[in-house]
Structure formats: structure tokens, C-alpha cells
1. Once you order the gyration tensor axes a ≥ b ≥ c over the Cα atoms, which shape class does the stretch 209-327 get: rounded for a/c under 1.5, otherwise prolate or oblate by comparing a/b with b/c?
2. Among Thr180, Thr223, Thr185, which comes first, second and so on when ranked by fewest other beta-carbon atoms within 10 Å?
3. In whole Hz, what ³J(HN,Hα) sequence does the stretch 196-202 give by Karplus (6.51, -1.76, 1.60; θ = phi - 60°), x for Gly and Pro?
4. Check Ile623: other-chain or 5+ apart residues with amide H under 5 Å from its amide H, H built from backbone geometry?
5. Over the stretch 311-405, what relative contact order in percent results from Cα pairs under 8 Å that are six or more residues apart?
6. Can you tell me the dipole magnitude for the stretch 52-106 around its Cα centre, using point charges on the Cβ only (Lys, Arg +1; Asp, Glu -1), in Debye to the nearest 20?
7. Using the number of other C-beta atoms within 10 angstrom as an exposure proxy, rank Thr484, Thr175 with the fewest first.
8. Long-range amide H contacts for Val76: which residues qualify at under 5 Å (H placed 1.01 Å from N, peptide plane, sequence gap of 5 or more or a different chain)?
Amino acid sequence: MTATGARTGSPARGAPVRRAATVSAATAVAIGAAVVLVLVGERPALADPGEPAEVEARRLIHVLGYVAMDYGGCVVNGAVTSTIEYDEQLALLGEAMQVATRIQPSALESGAGDLAQGVAGVRGLVEAKAAGEEVAIAARGARDRVAAAFRLAEAPLSRPDAQRGAALYQENCATCHGPTGHADTRRAATLVPHPANFHDATIAEQLAPMGIESAVRFGVQGTAMVPFTFLSARDRWDLAFHVAGLHHPQPAAAPRPLDLPDYSVVELAVRSDADLRAELSARGIPAERHAELLAELRRRVAYGREAASHPLCIARAALDRGRAALREGRLVEAREALDTAQLDGIDAAEASVRTVKEALANDLGEGAFALRAALGAGATTDALDAGMATLLRDTTYAEVALARSGAAPGRLVAEVSSRLLLRELAAAALFLAALAAGASSSRSRRAVHVASGAALLLALAAWVAAAFGHMAGFWRTLAAGATTSLALAALAGAAGLAWRRARSPEPSQGGLPPGGRAVVFAAALLATFGAAFSALDAALGVSVHVAPPAVAGVLLGLALLAAAAALVARMSRTAARRWPSPPAWLGCLLCVPLAGRAVASFQLCGLMPVHRLPLPRFTALGIYPAVETCLVQAALLGLALAGVARGRRAGSAR
């Protein structure tokens, strides 16, 4: 993760506490009391020691992000320029050390390192009056370690509402920060430190909606900025995006520039203007165009509806709906939401997540699979809600981690290197090599090669059609299951022909019985098509943009497919010399991974029940931790072993 991608925005310091008429009197009194405490210098504790570790971790992340941004304004060239703000940094880091020490046991359980050591390192740099960029890098690193330990992140579930954000700003922030964000009001003049001027170039460049949302949620100690606990998560994000765009002019009512990068709402949430400028420069866009493009991104694209949502955003929104339906007893809707979260969200983003963290991708898949099984088994509402909450937390963390790392969805060059693609191709190559080895003549082996080549082209065409047609995850999964089932049937037919040929009293003269090559061709065609389509669908994504990176990704995928086909041809020629006749047990053995894939696909579509087993999952081999898949595969393995035993007895009798 780059330092630029991890940068967060400035907290909205000095915000007022004027309340709307609709807010309850009790809440208003509580906020007023908090303001009084702040103004008289009695700062509330960073976190209550009795709070859960995750709550304290969230506050710790907020403080470290604040230090990363704000320290550079109070120390310049080793000299303190603002004693008040410098002392505030030290006080915050001192309390942050206490929090990190308290939550360390929980962090160690998750495999994280010493969180307190990371905070101590940041404090040491601040005490030494190190350069602002050095402190910012250390603070962001410590923050990211805390987030990774607890998989904590906040992100908007949908695109913000511009009108709602503007109304919330005027209602809650304009008294201190000014109606236009210049912090030039009478109240602002009485506050120390002075509220942030959102048009100040230094502040504006470091603003990111995620940092602003965090400040609105937790407040900033030592200032008049108290936590706005009466605002919902949706309100906080609407307000944060509005503040981030205040210093940009409203773009003209014209089409978006053609060279404007396509950012998701989460990418815009985690990036400051400085981050965006750096990325625009890296794309070769001249500096004189940056202001125009930034205004377009902050004031138009952030609120646009035309851009496709990231699969993980779809998953998070579906899980949020599912939890609401679950609490109200609408189990059918909860099941549908969970299906959408997995088929259209988690599964579609699996390869992208693996580029950031392999264990996280595995946990997302396992978590969704376990929840579907628990829902089908009649688990309690509390258990299901806790499982959905955990899955929602991990999904949010994954999307934010992707946005910060720069692995934007749809960039196929980054995703094509995923190990998932290589595993799928390796499994398909081994399958075809074994099938070709079982063929008893050069014509039969040629049928395997022709079928596999045709299947690769068909899979590519089908994937392009599905990607540009935005085929729903249910239909993609169902098509994969149906294709795999047909391949399973064809392979079973080939095994039956081989079995009949082996039991024939007449010696074989080479070649399969009439229709045998057609069965082998069908098995190779369907099996290769299913594997190639699954590989492209999972590893390259389902939402692409016509751009050079997409073309390069597809060409690289085709090169890997061609290499796999060449490997198949070489392996089949070698194996054919060892197996001059097609053993029936080989066909049964090849059916095992296909059967696992077929059953799992139908389970994902809700067409078969799921009874989970406490076993690991190896999708490349078609092994899924469910009773149904294991029973089918055990039966096929039994047939294969019986075929081996029968073949040995027949050989000894001869």
C-alpha cells in the first residue's frame, strides 16, 4: 500500500453544535455539555476503558489519521509553529498509547503485531520534531496495522446525496466554518484553535471524505469539534463529501472530459485532492487540467449514478438489507440479500481481494458459504445477525483496502496475475491431459485437442458477452453449474464406453466404439468451456471498460490459455504410451472435481440445500465443505477404486 493511497483528510475542526428542531432535548443537552467541557479545557477521554476493543480501535484509527494530517501544520523544519496544536498532538498520542496497550491482547489474537510499539514510534517522531511527511507515513502505517488487526473500515454504502449534504452543512457547520467554508464568522473568531478554513490551499489539498466523516463521528479533542452522534452514517457521508468539494467550483453543465479516470465512490472517499493530483499526473494529464478534473470528480462524479458499482459495494448494500430483513423476521428477503451479496459481490471480487490479502478473500468466501448453510439450517436470528455483521465488516475492510492500494475494479492487468486464474488453468490442463491419455487412438486424442481449442474460443466469447451484458451472478453461476453437469454426463459416458471396451472378449484394435470419439469430444469441449469461463469470470472480473488495460489483460489471459493447451498436448502424448487403452477408473476419477463444482454451483443458486462441514475448501479441485458435495464425490471415488481393483484382478487372471 502506497503512502499516497493511504492518506486521509482533515477533520472538520471547530464545527458548531447548533441543533435542528427535530433533535430531542436530551441529545441537545448532552451535546451542549460536551461543548462546555471542551471550551473549559476538560477534554473527554479518548475511549472508555470499559468499551469493546473494536470501539477503542476505531477511535485509535481516527486519532492516528488526524495526527498524520494535522502534525505538518504545527512543526516546520524542526521548529514548532503552533504550541497549542503541538501539545495537542502529544496529548492525543499519549492517550493513544494507553488505548493501544489495552487492545493489544485482542490484536494478538488476530495475528497482529505490537500496536503500542507502532504508536510509540509515531510519538517518538513527534517529540523529535521530525518532518511532517515522515510523521504522516509512520502514523498512516500504525493506523493501517490497527485496521488490519480488527479489519475495521468505514465506507459509504451508496453514492452521497448532494442536496442532503449541503443542507446538513448549513444546519450544523456554517456557524463556525462559514456558509461557504471560509471560517470567517463571529463565532469562529472566538474559538481557539480557529476552525478550519476549507478554502485554505494547505488544508484543502489534504481533505478526504473518509477523514471528514471520522471527525464528524468521533470529534476532535482539544477543539470545539464534538462528536455528532445524532447523525446517521448516511448523513455523515453526505456531509463529508460536501465539505470535500467546497473549495471546488461547480463544473459547467457539459459532458464529462474523455480523459477523466473512472473512480468508484469508495476510491473518492479515501483519496485527498493531493492523492488525486498525483494519480492524474501519473496518467500523463498536464497540471493545468487538474483543477478542472478535480472539480468534476468532487462535484459531479461523486454524486453520479451512471458508474457501475464495485461488486463489494453491491455485497455491502445487500448485507445491510439482509440484516434489516432478518431483524424484522423476513427470512425470505434475508436469504435473497445473502444470495446477491455472494453471487454478485463477493464471488465477483474474489480475485481482486486476493491481490491485497489472500486470507481475507478466503474468509469472505467461507463466511458467505457458512451463513447460507446456517440460514438453511434454521440458526437463531442473533447468530445470523452476528454472522452478517462480521461478513459486512470484512467486506467493507476489503473494499477500502482495495481502494487505498489502487487496485481499482476493472483493471484487468492487475487482476490477471491472480493465482486463482493460474489454478483454474492448471486444473483444466490436468483434466485434458488425463482425458487425452485415456483416448486409445491418435484420432481420439486429436478430438480432445480440437475440442479444447474450440472451447477456449467459446469461453472467451461467452465471457465477453456476459461482461458487457452485465449478466447477473445467479445466471452466471447457474450456467457454470449446468455446463459442468453436462461435462460430467459426457465424461461418465466416456468412462462407460471405456469400461465396456475393457470387458470386451475381443482384443482392441485401437479406437473407441462407434460414437466414442463424439462422447470424448463432448466431454473435452464442455469441461474445458466450464473451466475457462470460470477462470475468466472469476479472475478477470465481470465489469470491464474498453481500454488498453482491458485489452492487454485479455491478451495475457489468452497467452496463458495457449500455454496450457500446449502443455496438455505434450502430456497427453507421454501418457498415451503408458496407457494404451482407456481405463474406466480414470473417467470416474476425473468426474470428482466436476461433480464438486456442479453441486456447489447449484447450492450457490439456492437450488440445493447446504449442510456445511468443518473442512477446508479447495475450489480448484472442486472440494467444498458441504455434505452434499462430499457424498457425491465419495461415491465417484468409490467407483474409481472399484475400477482399479477390478482391473488388477483381470490383469492377474490373464
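Just so it is clear, none of the values below were taken in a lab; they were calculated from the coordinates. Keep in mind that what you see is a predicted model, and the values were worked out from it rather than measured. With ideal geometry, Cβ positions are generated from the backbone for all residues, glycine too; neighbour counts draw on all protein chains shown.
1. Numbers: a/c = 2.25, a/b = 1.35, b/c = 1.68.
Note, shape of the stretch 209-327 comes out oblate.
2. Numbers: Thr180 13, Thr223 26, Thr185 18.
Sorted ascending by nearby Cβ count, the order is Thr180, Thr185, Thr223.
3. Result, ordered by residue: 5, 8, 6, 9, 5, 4, 5 Hz.
4. Long-range HN contacts for Ile623: Phe618.
5. Relative contact order for the stretch 311-405 comes out at 36 percent.
6. Working: 3 positive and 7 negative charges, 37 e Å.
For the stretch 52-106, the charge dipole is close to 180 debye.
7. Values: Thr484 28, Thr175 19.
By the 10 Å Cβ count, ascending: Thr175, Thr484.
8. It is Thr81, by chain and number.
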